[in-house]
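Below is one structure, written out as structure tokens, with a few remarks after it.
The values are calculated or read from the model by the stated rules, or taken from the named source; none is laboratory data. Predicted model only: the values in this text are computed from it and were never measured. Cβ sites come from the backbone with ideal geometry, for glycine too, and all protein chains shown count toward neighbours. Heavy atoms of the whole protein, side chains included, go into the accessibility calculation; ligands, DNA and RNA do not. Shrake-Rupley method; radii C 1.70, N 1.55, O 1.52, S 1.80 Å.
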Amino acid sequence: MEKLIFISNDDGFEAAGINQLAEMARDFGDVFIVAPDSGRSGASMSISSHSPVRNTFIKHEEGTDTRGSLTVWSCTGTPNDCTKMAFEKLLPRRPDLVLGGINHGDNCAVNAHYSGTMSIALEGCIKQVPSIAFSSGKTAKDADFSYMKREVRKLIKIALEQGFPLGVCLNVNAPDTEESKGMRICKMGLGEWHEEWQERDHPWGGKYYWIAGYYAPYDKNDEESDTWAYENGYVAVTPLQLDMTAYSFLEQLEKSIQ
């Protein structure tokens, strides 16, 4: 039986990134897409708990002797809705691999906490399936992500052949360059967004606000971080884990409450 690879994103099922990722993945097995009907950037792990979710079948392409099939559905919900819906209602069998992306824009450092792309990998991880989130510094709607093919293929091969530890997934960020310096294994960088809430006049009266701003790492020279690797031309590969327990603080906290 062919390997089954599930893919979703937060840019919508028509986005260049997800369609190019699907074509790369078809070399490894059947590809099944369930993705939002439009952009859901910044959705994180959110679910549509207060509104109904609808799915629409888009297309199915048969596989060949050398390439897997392709099935595409769109969903009115969030990336996490798409993933949950796929596992429970749409997938023909349990997938061997879960992929998020390719996202139009990076998800380095703590941005992973906000990322809808990352939520797909995290949900797959919760379901104990090897999972990877792919993002790129390229943001154009018609961006060409073929420059990532070598790294994408290598990581898919590792995931399918070796798997990952339970509770661990990968966050992969490729810089906006046609020739990277290769992959670099990194830790998650730390930093924060400096928001600028732009106040505007609403045409129907009153004010509304549009969030803008910029991300700033706490330490720009932290060469172990994904942010440094990404900004210095490397494809940053960061293993992330579901268990958020601060083990280094457990003993101190235990002593404090005694």
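Numbers below:
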{"quantity": "Loop-resident sites, region 223-258, for chymotrypsin sites (Phe, Trp or Tyr not before Pro), counting at most 11 other Cβ within 10 Å (DSSP)", "calculated": "none"}
{"quantity": "Label-to-label distance, nm, for residues given as Tyr214 and Lys59 (7 Å Cα→Cβ offset)", "calculated": "4.1"}
{"quantity": "Amide proton proximity set for Tyr218, modelled H, under 5 Å, gap of 5+", "calculated": "Leu190, Gly191, Glu192"}
{"quantity": "Inter-centroid distance (Cα atoms) of region 112-176 relative to region 214-258, Å", "calculated": "18"}
{"quantity": "Mean separation of Cα contacts under 8 Å, 6 or more apart, over the residue count of region 1-97: relative contact order %", "calculated": "36"}
{"quantity": "The chain, relative contact order in percent, only Cα pairs under 8 angstrom and at least six apart counted", "calculated": "17"}
{"quantity": "HN-Hα J in Hz across region 87-102 - Karplus 6.51, -1.76, 1.60, θ = phi - 60°, x for Gly and Pro", "calculated": "5, 8, 10, 10, 5, x, 6, 5, x, 8, 7, 10, 10, x, x, 6"}
{"quantity": "Local net charge near Thr76, Cβ-Cβ under 11 Å (Lys/Arg +1, Asp/Glu -1)", "calculated": "0"}
{"quantity": "Residue-normalised accessible area of the chain, given per residue in Å² at a 1.4 Å probe", "calculated": "53"}
{"quantity": "Three-way shape call for region 110-172 based on the alpha-carbon gyration tensor, with the a/c threshold at 1.5", "calculated": "oblate"}
{"quantity": "Placed amide H near Asp27: partners under 5 Å, 5+ positions off or other chain", "calculated": "Gly68"}
{"quantity": "Per-residue HN-Hα couplings for region 6-15 [Karplus 6.51, -1.76, 1.60; θ = phi - 60°; Hz; x = Gly/Pro]", "calculated": "9, 9, 9, 7, 10, 9, x, 5, 8, 5"}
{"quantity": "Listed pairs Lys84/Lys181; Lys154/Lys220; Lys89/Lys187; Lys59/Lys181; Lys89/Lys207; Lys89/Lys141 exceeding 32 Å between Cα atoms", "calculated": "Lys84/Lys181; Lys89/Lys187; Lys59/Lys181; Lys89/Lys207"}
{"quantity": "Cα gyration tensor category, rounded, prolate or oblate, for region 209-258 with a/c compared to 1.5", "calculated": "prolate"}
{"quantity": "Sites matching trypsin sites (Lys or Arg not before Pro) across region 169-258 that sit in DSSP coil, with at most 16 neighbouring C-beta atoms within 10 Å", "calculated": "Lys181, Lys220"}
{"quantity": "Nearest-0.05 FRET efficiency for Leu190 and Lys3, computed from C-beta distance (R0 30 Å)", "calculated": "0.25"}
{"quantity": "The chain - Rg over Rh from alpha carbon coordinates, Kirkwood radius", "calculated": "1.00"}
{"quantity": "Separation of the Arg94 and Thr245 label points, Cα + 7 Å toward Cβ, nm", "calculated": "2.4"}
{"quantity": "Portion, in percent, of the accessible area of region 81-125 that falls on carbon or sulfur, probe 1.4 Å", "calculated": "47"}
{"quantity": "Nonlocal amide H pairs with Gly101, under 5 Å, H built at 1.01 Å", "calculated": "Ser8, Asn9, Asp10, Phe134"}
{"quantity": "For region 20-75: span of alpha carbons on each principal axis (Å, largest first)", "calculated": "44, 21, 15"}
{"quantity": "FRET efficiency estimate (nearest 0.05) - Cβ-Cβ, Ser256 to Lys154, R0 41 angstrom", "calculated": "0.35"}
{"quantity": "Neighbour net charge for Tyr147 - beta-carbon separation under 11 angstrom, K R +1, D E -1", "calculated": "-2"}
{"quantity": "Calculated from backbone phi, Karplus (6.51, -1.76, 1.60) coupling profile of region 181-198 in Hz, x at Gly/Pro", "calculated": "8, x, 7, 9, 7, 9, 9, 5, x, 10, x, 8, 7, 9, 6, 10, 7, 7"}
{"quantity": "Histogram of C-alpha separations across region 28-176, 10 Å bin width, %", "calculated": "11, 40, 40, 8, 0"}
{"quantity": "Residues Asp27 and Thr139, FRET efficiency given R0 of 35 Å [Cβ-Cβ distance, rounded to 0.05]", "calculated": "0.85"}
{"quantity": "Cleavage-rule hits (GluC sites (Glu not before Pro)) in region 25-95: DSSP loop, at most 12 neighbouring Cβ within 10 angstrom", "calculated": "Glu62"}
